[in-house]
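Engineer: Okay, handing you the structure first.
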Amino acid sequence: MARKRTKKWFVPTLAAAATSALLLAGCSTGPADTSADGPVTLEFWGWATGLESAVEAWNAENPDIQVDFFRMTGDDGAKVPPAIDAGTAPDVVQMSIHSLAGHIVNNRLTDITDYVGDLGDEFTESSWGGVSFDGAVYAVPQDSGPTGLLYRSDIFEKYGVAVPTTWAEYLDAARALKAADPNVYIAQFSPNETGLWLEQVWQNGGTWNTIDGDAWTVEVDNQQSQEVAAIWQTLLDEDLVKVIDMWTPEYWAEINAGTIASINYAAWFPALLEENAGGLSGLWSVAPTPTFPDSDAAGETGGSVDVVPAGTENVEQAVEFITWLNSSPESLEILIGEGGLFPTAITGLESDVLLTEEEYFGGQVINEVFADAAQKVPNTWVDGPNYDLTQDALKDAFAQVANGNSTFAEALASVQTQTVGILTDMGLNVR
């Protein structure tokens, strides 16, 4: 496990917009007055399957703190920032962990540090690190996406190829599969899915951003990313991966045809695989993600968290609810069993509801692999307030790599420059 990193976050004031000076975001958004007379009703916006049942269970046991749940769909997430800015936001919102930094620098979230105490001990180190900034906590983790290597066990067995345990072995396995059958690729390169890239950089102890004193740094082109780039450049140059956009009908056709022999991805992906490739039941297995030299770290794609928007009057009650929602055995059993959620709470990772045999994977308890991975994710990743823009820039750059007009190294250098420009244009100090 990598050492715990303390993260610092800064936000420009109106005057700083002109001078590029930065102030601590945590100093600008403190807890609201939480006093209340009589029963409290909290409004909660979220999208995870099973939340209705969890809220029903909470309401039955907590007459003094009732929760009204609104299911977010489609573009509902876009309604959250203007609602917070207008003072009409709900008391609790589920959101992507990658969006936290952007909301923090815009003073949209409540510092809940005073209400969570030692709660961090109940969650994986990387998930709690993702919500803890400069000693302040702005969310409670809900779910995550630790990685595992999903692979066609029948194909590997047919050609006598050992399942790789390191990335060096992965390259050898890719070559062996291609030599045995030119129509079989060990994986796909999908320019439109940056999660496949992010997870491997994170596993390698990398990140896209860090904080240096009073300034942001941009790390898109750091050593860890370059090492990942070298692996993928080799795969691409030797024609060992299928170049195809993920999530498309064409992608699923390739999966069903057996031309893609493995997918290294998050704990939530097996359900989508079963849904879109049901005819391959019993032919897939899950192994730990191949590792980098001298490391047993696993990858991660990120997940969702529950936050208390700025201006919420009943902060203490809101935190009490989201603490129960994401760490109590009762709630986790509902969210895992009914919704298929992969938890960040240690209790959830040990749950019998999570650790069940999967018929699609030949009876394997695949979540044993993902639960082990969840506790081996380096606590090194820092999301910048420009996450979505950096992600979009990578997609564009990787598209050029896919068509042979660029290399991964050139793509990283380009996105590095673009990300520096994005942060500078936001009025943030960058070096």
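Engineer: Please pick out the residue among GLY427, GLY363 that is modelled with pLDDT under 95 and more than 20 Å from ASN204 (Cβ to Cβ). Show your work before the answer.
Structural biologist: Working: GLY363 fails: modelled with pLDDT under 95.
After ruling out the rest, the residue left standing is GLY427.
Engineer: Separate question: Which of the strands (runs of 3 or more DSSP E) found entirely inside region 246-340 contain at least 2 residues meeting this: open to solvent by 60 Å² or more (accessible area, probe 1.4 Å), in contact with a strand residue (DSSP E or B) (Cβ under 8 Å, 6 or more places away or on another chain) and at pLDDT 95 or above?
Structural biologist: none
Engineer: Taking VAL401 as meeting all but one of (1) more than 26 Å from GLY130 (Cβ to Cβ); (2) surrounded by fewer than 18 Cβ atoms within 10 Å (Cβ to Cβ); (3) not aromatic (Phe, Trp, Tyr), write down the number of the exception.
Structural biologist: Against the list (1) more than 26 Å from GLY130 (Cβ to Cβ); (2) surrounded by fewer than 18 Cβ atoms within 10 Å (Cβ to Cβ); (3) not aromatic (Phe, Trp, Tyr), VAL401 comes up short only on (2).
Engineer: Looking only at region 373-396, how many residues end up being crowded, with 21+ Cβ neighbours inside 10 Å and either free of Cβ contacts under 8 Å to residues at least 60 places away in the same chain or more than 26 Å from ALA267 (Cα to Cα) (or both)?
Structural biologist: Matching residues across region 373-396 total 1.
Engineer: Here's another thing I want to ask about it. Please go through region 159-184 and give me each residue that is in contact (Cβ under 8 Å) with a residue 40 or more places away in the chain, under 31 Å from the mean Cα position of the chain (by Cα) and not in a helix (DSSP H, G or I), ordered by number.
Structural biologist: If the condition is that a residue be in contact (Cβ under 8 Å) with a residue 40 or more places away in the chain, under 31 Å from the mean Cα position of the chain (by Cα) and not in a helix (DSSP H, G or I), then VAL163, PRO164, THR165, THR166, VAL184 are the ones that fit.
Engineer: Here are ASP118, ASP154, ASP111: which of them is free of Cβ contacts under 8 Å to residues at least 60 places away in the same chain, open to solvent by 20 Å² or more (accessible area, probe 1.4 Å) and not small (Gly, Ala, Ser)?
Structural biologist: Just a single option satisfies the conditions, and that option is ASP118.
Engineer: Looking at region 408-431 only, could you name the residues that are in a helix (DSSP H, G or I) and among the polar types (S, T, N, Q)?
Structural biologist: Start the filter on region 408-431 by keeping residues that are in a helix (DSSP H, G or I), which leaves 408-425.
If the condition is that a residue be in a helix (DSSP H, G or I) and among the polar types (S, T, N, Q), then SER414, GLN416, THR417, GLN418, THR419, THR424 are the ones that fit.
Engineer: Tally time: how many residues in region 49-66 are among the aliphatic types (A, V, I, L, M) and either surrounded by 21 or more Cβ atoms within 10 Å (Cβ to Cβ) or without any contact (Cβ under 8 Å) to a residue 60 or more places away in the chain (or both)? Break it down into steps so the answer makes sense when it comes.
Structural biologist: Initial filter on region 49-66 (among the aliphatic types (A, V, I, L, M)): 51, 54-55, 57, 60, 65.
From what's left, either surrounded by 21 or more Cβ atoms within 10 Å (Cβ to Cβ) or without any contact (Cβ under 8 Å) to a residue 60 or more places away in the chain (or both): 51, 54-55, 60.
Qualifying residue count, region 49-66: 4.
The values are calculated or read from the model by the stated rules, or taken from the named source; none is laboratory data. Please read all numbers here as calculations on a predicted model, not as lab measurements. Neighbour counts are summed over all protein chains in view; Cβ atoms, including those assigned to glycine, are modelled from backbone coordinates with ideal geometry. Please note that ligands, DNA and RNA were not included when accessible areas were found on the heavy atoms of the full protein model with its side chains. Shrake-Rupley method; radii C 1.70, N 1.55, O 1.52, S 1.80 Å.
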